Amino acid sequence: QVQLQESGPGLVKPSQTLSLTCTVSGGSITTNYYYWSWIRQPPGKGLEWIAHIAYSGSTYTSYYRPSLKSRTSISRDTSKNQFTLQLSSVTPEDTAVYYCARFLGRIPNELRVGASGDWGQGTQVTVSS
């Protein structure tokens, strides 16, 4: 049974860079056809896919939400079986619960926490001075 766990600061100041790490156990992030993803849910709003990485053979590709692409970077550390999200120039609008998740083959059209894949428990990030 794969397990995912988010870690990172709960409070970030405006204009700084948010960095979150997802540590995976029970499965390798280099396994083909899985989409290792970051998703967030701002207060009072729906779930929003941010980015994911996917392996095919020995190579991987990163995908980003177009509206966030200029501020987002997703990377991986295979030696630690982790993948990391960095979101730069944050504003209070980036306040959300951030989730890492694993999906097989595609990102679901409708995201629901705990459904259609494996999810971390989520971590609250607040952007405030």
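The values are calculated or read from the model by the stated rules, or taken from the named source; none is laboratory data. Owing to the predicted nature of the structure, the values given are computational and were not obtained by experimental measurement. No Cβ is skipped: glycine too gets one built from the backbone with ideal geometry, and neighbour counts run over all protein chains shown. What goes into the accessible areas is simple: the full protein's heavy atoms, side chains included, and nothing from ligands, DNA or RNA. Shrake-Rupley method; radii C 1.70, N 1.55, O 1.52, S 1.80 Å.
Scanning the stretch 78-110 for residues that are open to solvent by 50 Å² or more (accessible area, probe 1.4 Å), modelled with pLDDT of 95 or more and either closer than 14 Å to residue 123 by Cα or not hydroxyl-bearing (Ser, Thr, Tyr) (or both) turns up 80, 86, 92, 93. Among the residues of the stretch 11-20, at least one is out of contact with any Phe, Trp or Tyr (no Cβ under 6 Å at 6 or more places or on another chain), among the aliphatic types (A, V, I, L, M) and open to solvent by 50 Å² or more (accessible area, probe 1.4 Å). Does residue 18 satisfy being at pLDDT 95 or above and in contact with a Leu (Cβ under 6 Å, 6 or more places away or on another chain)? Yes. Residue 116 falls short of the stated requirement of being free of Cβ contacts under 8 Å to residues at least 40 places away in the same chain, in a strand (DSSP E or B) and not acidic (Asp, Glu).
Are any residues in the stretch 119-129 in a loop (DSSP other than H, G, I, E, B) and open to solvent by 40 Å² or more (accessible area, probe 1.4 Å), and if so, which ones? Please lay out each step first, then the result.
Quick first cut of the stretch 119-129, residues in a loop (DSSP other than H, G, I, E, B) only: 120-122, 128-129.
Passing the criteria: 121, 128, 129.
Quick check: is even one residue across the stretch 62-70 more than 21 Å from residue 112 (Cβ to Cβ), of a type in the set (D, E, K, R) and within 15 Å of the chain's Cα centre (by Cα)? Within the stretch 62-70, one or more residues are more than 21 Å from residue 112 (Cβ to Cβ), of a type in the set (D, E, K, R) and within 15 Å of the chain's Cα centre (by Cα). The one condition from (1) out of contact with any Asp or Glu (no Cβ under 9 Å at 6 or more places or on another chain); (2) open to solvent by less than 50 Å² (accessible area, probe 1.4 Å); (3) assigned to a strand (DSSP E or B); (4) within 30 Å of residue 129 (Cβ to Cβ) that residue 5 does not meet is (2).
Go through the residues of the stretch 55-74 one by one and say whether even a single one is within 19 Å of residue 3 (Cα to Cα), surrounded by 17 or more Cβ atoms within 10 Å (Cβ to Cβ), touching a residue at least 60 places away in the same chain (Cβ under 8 Å) and of a type outside the set (Asp, Glu). No, the stretch 55-74 contains no residue that is within 19 Å of residue 3 (Cα to Cα), surrounded by 17 or more Cβ atoms within 10 Å (Cβ to Cβ), touching a residue at least 60 places away in the same chain (Cβ under 8 Å) and of a type outside the set (Asp, Glu).
Name the residue that is most open to solvent (accessible area, probe 1.4 Å), counting only residues in the stretch 28-54 that are small (Gly, Ala, Ser) and free of Cβ contacts under 8 Å to residues at least 60 places away in the same chain.
Here is the first cut: in the stretch 28-54, the residues small (Gly, Ala, Ser) are 28, 37, 44, 46, 51, 54.
Keeping just the survivors that are free of Cβ contacts under 8 Å to residues at least 60 places away in the same chain gives 28, 44, 51, 54.
On the way: 28: 48, 44: 90, 51: 0, 54: 14 Å².
Within the stretch 28-54, the match that is most open to solvent (accessible area, probe 1.4 Å) is 44.
Restricted to the stretch 13-77, the set of strands (runs of 3 or more DSSP E) holding at least 3 residues that are more than 22 Å from residue 122 (Cβ to Cβ) comprises 59-64.
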